Each structure stands twice: as structure tokens, then as C-alpha cells.
Amino acid sequence: MSPARPAPNGPAKRSESISARRGLTVPIPEVPLAELPRAIKRAEELGYSEAWSYENSILDAFTPLAVTAQGTSSMRLGTAIVPVFTRPAALIAMQAVAVAETAPGRFVLGLGSSTEAIVSGWMGIDFGKPLSKVVEVAGIVKRLLAGEKVGAFRLGQLPPAPIPIYIAALGPKMLRAAGELGEGVCFYLTGPGIIPELLAGVGRPVDSMCRIGAMAGDDDEAVKAAARRASVAYALVPYYAALLERQGFGEEVAAIKQRWAAGDRAAAPGQVSDAMLDETWLLGSVDHMLERLADYERAGLGCPAIAPIGVGATPAERRRHVEGLIEALAPN
């Protein structure tokens, strides 16, 4: 059953499965940027406590949050994440101050390396030594936001309140860096089963968030097929492949890579098991999705941030499912 349609047996028992914190990924698919404040106002009314942005081939991480701030008076706003390779540290600090002004005391700056496919392939920038780059840029940004002069540059205006820095981490070394540099850690493509291990790898108690893809459509098989295709794309990225292997999906990753290398790309999605889908996506009935979100809470995750995706033939159809997911998975 699609979460965009009313559940025949009524709503899930939210008191048993919903965390006090629930995030939403922005931008929201099929919702134009000009309409985002109204959509976020509705999300805030539904109980969403946070909005987390990301960068893709359409929008940057900062602009959607500045727009989001126009529709909310209480939601925490964060980037998950800003790639450290794509901007000088001084520019990151300047952009952080700008967004922080729109939501005083509610902005979080999430930084990370991103991936070679994005940094080198999309941006044409060398992806050398990502761990060192994250440590370097995060350190400079922290100093600038504290009012220090770094080299020849000092911020002409400080943020209205301190800006916490979170670090995106998947592997052991980056997890340790997150514990040393940041106030929190950002996860992605991470099932609840591995959350305790990742949090332990940080080395000290910190806040945590994870963007979690949630898909819905009228045809359940079409939804699963879309999730399988997306999973293939991640399995071909070394960082995500390693994370999937750590979560017990090494056979699936190897089979995907083998089919892809052999030129049989149409067969690659078929190598994604139902178990892999269930661990890394929110799929199926509303009750099942809510129970999976509760699994994240029980695993110790601070804030699950839903990334709703509608599956359908037209933008209107996809938007209907996106809005249905936001309503169905809301805390209130």
C-alpha cells in the first residue's frame, strides 16, 4: 500500500514509534523553491523539528535553507552536507553566517568530503586526501566563525549565535575526526543496524543525524524497482560500497559491480536484495516505515531526516506521493 493513500486500519501507534526529533530533507522533490516556505510551514505544524539540506545537480546546500527559514519559526536548519572541496573555507564561513542570520541560533553547518564522482566528475576538482581536506577546512571554518583571523581573512560579521559544526562520516578515520572536530555527525545510506557501531567510532557522545530515503507510489513493484536502481548507483561509489559491505551486503555489492563491469547494466538492479532495500530505505506500508524509524531511535540516532521521493509518471503524481509521505511519517 502506498503511504500517499489513507491506511485502512487507521494511523500507526505514533507514541510507540516516533522520536521527539524528526527531520525533513530540503529541497523537497517536485516542490518549487518559491513554494518551499509554505511546504515547510506545514511540516512544522506536523511536528517536524529540523530541515536538512544537501547538494545535488540542481541546488546548492545553503540556498534552500535560507528559503526554508522564511516558512519556519522554530525548526533547526542544517546542511548535510557542504562539500569541503567545492568552496574555499572563507566562503563556507561567509555563507554559514548568511544562513544563520535567517534563523538565529538554529543553524547547523554540516561539512564533508562528498565523493570523487561529484567533486572530480561534476566539479572538475581534484579529490586528493579527503580526510585531510575535511580536517583542514573544518578547522579553518571553526576559527573564522569564532572571530579569528586566518591568513589575511577575517569575517566582517560574526553569526548571531554560535554555529555547531557536524561532520559527515562513513569510515573509521572520518568518524574519529568527527569526534575531534565537530559537535555532531551526519550519516547517509545507513541502516539502523550499524548506527551503534558508527556512533561508538566517533569516540565520544555527540549528536547525530541521518538522511533516509523514503519512497512511495501507486505501484509497489515500481517503487522497489526505483529503489533498486538508486541502490546500484550508490554501490558503484567506493565510499558507499564499503559502507554497504560493513552492513552485510558484500555479496550484493560484488554482484552489482560484476554485472556493471560486464556491460550488463540492466541486470545490476536485480542484484539488490530485499534485505538491502529494507535496511537502507523506507519502503512499504506506513506502519512498516514508522517501525523502521523507531529502529533508528532505538539504535541511538539523534535525528532521522526523511528524504521523500515520489514514484510516478508525472510531476503531479510524484508530488502527491511526496506530500503523502510527509504527512504519513510526521510526528504529530
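Tabulated values for the structure
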quantity: Every residue from the stretch 196-220 that is under 16 Å from the mean Cα position of the chain (by Cα) and surrounded by fewer than 22 Cβ atoms within 10 Å (Cβ to Cβ); calculated: 207, 213
quantity: Count of residues meeting criterion [surrounded by 18 or more Cβ atoms within 10 Å (Cβ to Cβ) and in a helix (DSSP H, G or I)] in the stretch 288-318; calculated: 9
quantity: Restricting the stretch 224-267 to residues that are touching a residue at least 60 places away in the same chain (Cβ under 8 Å) and under 28 Å from residue 172 (Cα atoms), the residue that is surrounded by the fewest Cβ atoms within 10 Å (Cβ to Cβ); calculated: 238
quantity: Qualifying residue in the stretch 273-281 (condition: farther than 15 Å from residue 215 by Cβ and either under 19 Å from the mean Cα position of the chain (by Cα) or in contact (Cβ under 8 Å) with a residue 12 or more places away in the chain (or both)); calculated: yes
quantity: Residue in the stretch 175-188 that is touching a Phe, Trp or Tyr at 6+ places or on another chain (Cβ under 9 Å) and in a helix (DSSP H, G or I) present; calculated: yes
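Laboratory data are not the source of any read-out in this text; all were calculated from the coordinates shown. Just so we're clear, the structure is a prediction, and the values are computed from it rather than from any experiment. Cβ coordinates were reconstructed from backbone atoms using ideal geometry, including for glycine residues, and neighbour counts include every protein chain displayed.
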